[in-house]
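Peer 1: Following this message is one structure expressed as structure tokens.
The values are calculated or read from the model by the stated rules, or taken from the named source; none is laboratory data. Being a predicted model, the structure only gives us computed values, none of them experimental. Please note: Cβ atoms are built from the backbone with ideal geometry, for glycine as well, and neighbour counts cover all protein chains shown.
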Amino acid sequence: MYGNLAHNIYAQNNVGIESPYKLIEMLYEGVLRFNAQAKKAIKDNDIEKRIYWVNRSIAIITELLAILDIKQGDIALYLDGLYKQEISLLISVSQNSDISKLDEVSNVFKCLLEAWRESANVA
């Protein structure tokens, strides 16, 4: 449900995407942007916005899970487990306003984004 929503939102807003590499980059950037908004909501003690932004991040990660091709081997399997762990952490953030877990998710996605950009430049 959320996965298709995330993809559709990005597809609608960026009709001119030239490659799947760019879409993945945008999804990673979206998680980082939504996590920053969730962090602000936590600091502002705004429960409604915290839940909204965390759910947006979860939706993107769900889409990333949906498009993983497990047949591609160890990296895909690693990402499957990693994405599921990040969703688990975000659910905890949604329930407990734990900024440290939100920061952990953001750090993981910063690293993923950097690695993705490097791999896209090599390809």
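Peer 1: Name every residue in the range 22-45 that is in contact with a Lys or Arg (Cβ under 6 Å, 6 or more places away or on another chain) and touching a residue at least 40 places away in the same chain (Cβ under 8 Å), in order of residue number.
Peer 2: At the first step, the residues of the range 22-45 found to be in contact with a Lys or Arg (Cβ under 6 Å, 6 or more places away or on another chain) are 34, 38, 41-42.
If the condition is that a residue be in contact with a Lys or Arg (Cβ under 6 Å, 6 or more places away or on another chain) and touching a residue at least 40 places away in the same chain (Cβ under 8 Å), then A38, I42 are the ones that fit.
Peer 1: Filter the range 73-123 down to the residues that are polar (S, T, N, Q) and in a helix (DSSP H, G or I) and list them by number.
Peer 2: Residues of the range 73-123 that are polar (S, T, N, Q), as a first pass: 85, 88, 92, 94-97, 100, 106-107, 119, 121.
Listed by number, the residues that qualify are Q85, S88, S92, S94, Q95, N96, S100, S106, N107, S119, N121.
Peer 1: Taking N13 as the residue in question, decide whether it is at pLDDT below 95 and either of a type outside the set (A, V, I, L, M, F, W, C) or in contact with a Lys or Arg (Cβ under 7 Å, 6 or more places away or on another chain) (or both).
Peer 2: Values: at pLDDT below 95: yes; either of a type outside the set (A, V, I, L, M, F, W, C) or in contact with a Lys or Arg (Cβ under 7 Å, 6 or more places away or on another chain) (or both): yes.
Yes; evaluated as a whole, the condition is true for this residue.
Peer 1: Would you call I24 more than 12 Å from the chain's Cα centre (by Cα) and either modelled with pLDDT of 95 or more or assigned to a helix (DSSP H, G or I) (or both)? Walk me through how you get there before you give the answer.
Peer 2: Working: more than 12 Å from the chain's Cα centre (by Cα): no; either modelled with pLDDT of 95 or more or assigned to a helix (DSSP H, G or I) (or both): yes.
No: the conditions fail for I24.
Peer 1: Out of all the residues in the range 60-72, which are over 11 Å from the mean Cα position of the chain (by Cα) and in a helix (DSSP H, G or I)?
Peer 2: Narrowing the range 60-72 to residues over 11 Å from the mean Cα position of the chain (by Cα): 66-72.
Within the range 60-72, A66, I67, I70, K71, Q72 qualify.
Peer 1: Which residues, taken from the range 86-123, are of a type in the set (S, T, N, Q) and either surrounded by 14 or more Cβ atoms within 10 Å (Cβ to Cβ) or in contact with an Asp or Glu (Cβ under 6 Å, 6 or more places away or on another chain) (or both)?
Peer 2: Listed by number, the residues that qualify are S92, S94, S97, S106.
Peer 1: In the range 58-85, what count of residues is obtained for those that are of a type in the set (S, T, Y) and surrounded by fewer than 16 Cβ atoms within 10 Å (Cβ to Cβ)? Give the steps one after another, and end with the answer.
Peer 2: Residues of the range 58-85 of a type in the set (S, T, Y): 62, 78, 83.
Next, only the ones that are surrounded by fewer than 16 Cβ atoms within 10 Å (Cβ to Cβ) stay: 78.
Total satisfying the criteria: 1.
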